[in-house]
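Peer 1: What follows is a single structure, and I will ask about it in a moment.
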């Protein structure tokens, strides 16, 4: 059985791009019988940018609620908060002492902000080392990553490999699991959906807010009677990611035939989201009103994760002479 490990950013309520591009595929991966999935909420990483304790707490609950609402099985797999398995912090210190400065100075997480060093805290600089500890602390075999995260996994492999070379086999060297078919979800303005672009769609907001969100999608100004090119329309791009193939073809023909307005297409997209995710939207809101249930499921995972972390950390301590 292969152990799959994924870190989940806790930056607020997951939007449609997060759901389609990461959460749903990851949950499907966890359902394969030969996979043992460890999925954690990376709330320690979040502290590099979020300093408000209430925001941090609510982001964690919102993130957990989304995964649970979409059916992540916490009985079969392991779901936990990074901060509630503090062994990762101890391992991060050990790994920091074996990580060359130039390696971290070349990491994207630092280089992207290095022109404004006053805004860079040391947590951001050592971000890849904490990520490495997250992975090798649990003997993970595979880590699903997007192409933008490949560098951080290579850093993990380098750090673990260097430690093994000096002290003998201690860590499993993880491999990247890259899905070349991963979807790029367009936002309301046609760019990649991202909170940084302020172009997201959240299915978990109220019906009224969601409809307003959908109606804000950018379109051209062709009049109702004019034929329209569906392949150049943001509304259609989103609709075809979610609808059944037959319904997609029906909408395509409506675009091409004319006398079909963008307002009508947006209403179809809104109706589709409401119907397709009815169960998940209800489950999400029920969980947020009952945080004790979220806490219970996370705590169960944290106990299991801590047991495995202790075994790996003890191997490291013995190699370093602390036992």
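The values are calculated or read from the model by the stated rules, or taken from the named source; none is laboratory data. All values reported here derive from a predicted model rather than from experimental measurement. Please note: Cβ atoms are built from the backbone with ideal geometry, for glycine as well, and neighbour counts cover all protein chains shown.
Peer 1: Considering only residues that are over 18 Å from residue 122 (Cα atoms) and in a loop (DSSP other than H, G, I, E, B), which ones fall in the range 29-51?
Peer 2: 31, 32, 33, 34
Peer 1: Name the residue, out of 298, 313, that is assigned by TED's automatic domain parsing to the domain that holds residue 58 and in contact with a strand residue (DSSP E or B) (Cβ under 8 Å, 6 or more places away or on another chain).
Peer 2: 298
Peer 1: Can you say whether residue 312 is outside any loop (DSSP other than H, G, I, E, B) and within 22 Å of residue 187 (Cα to Cα), as far as the supplied structure shows?
Peer 2: no
Peer 1: Listed residues 79, 110, 101; which is in the same structural domain as residue 306 (by TED's automatic domain parsing) and surrounded by 19 or more Cβ atoms within 10 Å (Cβ to Cβ)?
Peer 2: Step by step, each of 79, 110, 101 is checked, and only 79 is in the same structural domain as residue 306 (by TED's automatic domain parsing) and surrounded by 19 or more Cβ atoms within 10 Å (Cβ to Cβ).
Peer 1: Return the residues of the range 272-285 that are more than 20 Å from the chain's Cα centre (by Cα) and surrounded by 13 or more Cβ atoms within 10 Å (Cβ to Cβ); say none if nothing qualifies.
Peer 2: Those that are more than 20 Å from the chain's Cα centre (by Cα) and surrounded by 13 or more Cβ atoms within 10 Å (Cβ to Cβ): 272, 273, 274, 276.
Peer 1: Go through the range 227-246 residue by residue and tally those that are within 27 Å of the chain's Cα centre (by Cα), surrounded by fewer than 21 Cβ atoms within 10 Å (Cβ to Cβ) and in contact (Cβ under 8 Å) with a residue 24 or more places away in the chain.
Peer 2: 4
Peer 1: Out of 27, 8, which single residue is in contact (Cβ under 8 Å) with a residue 12 or more places away in the chain and surrounded by 23 or more Cβ atoms within 10 Å (Cβ to Cβ)?
Peer 2: 8
Peer 1: Considering only the range 203-215, state which residues are outside any helix (DSSP H, G or I) and crowded, with 19+ Cβ neighbours inside 10 Å.
Peer 2: The initial filter retains those residues of the range 203-215 that are outside any helix (DSSP H, G or I), namely 203-206.
Once the filter is applied, which keeps residues that are outside any helix (DSSP H, G or I) and crowded, with 19+ Cβ neighbours inside 10 Å, the range 203-215 yields 203, 204.
Peer 1: Kindly state which helices (runs of 4 or more DSSP H) lie completely within the range 109-193 and contain at least 2 residues that are in contact (Cβ under 8 Å) with a residue 24 or more places away in the chain and under 16 Å from residue 88 (Cβ atoms).
Peer 2: So the answer is 127-136, 150-167.
Peer 1: Yes or no: the range 163-182 includes at least one residue that is exposed (fewer than 14 other Cβ atoms within 10 Å of the Cβ), more than 23 Å from residue 37 (Cα to Cα) and in contact with a helix residue (DSSP H, G or I) (Cβ under 8 Å, 6 or more places away or on another chain).
Peer 2: Among the residues of the range 163-182, at least one is exposed (fewer than 14 other Cβ atoms within 10 Å of the Cβ), more than 23 Å from residue 37 (Cα to Cα) and in contact with a helix residue (DSSP H, G or I) (Cβ under 8 Å, 6 or more places away or on another chain), which makes the answer yes.
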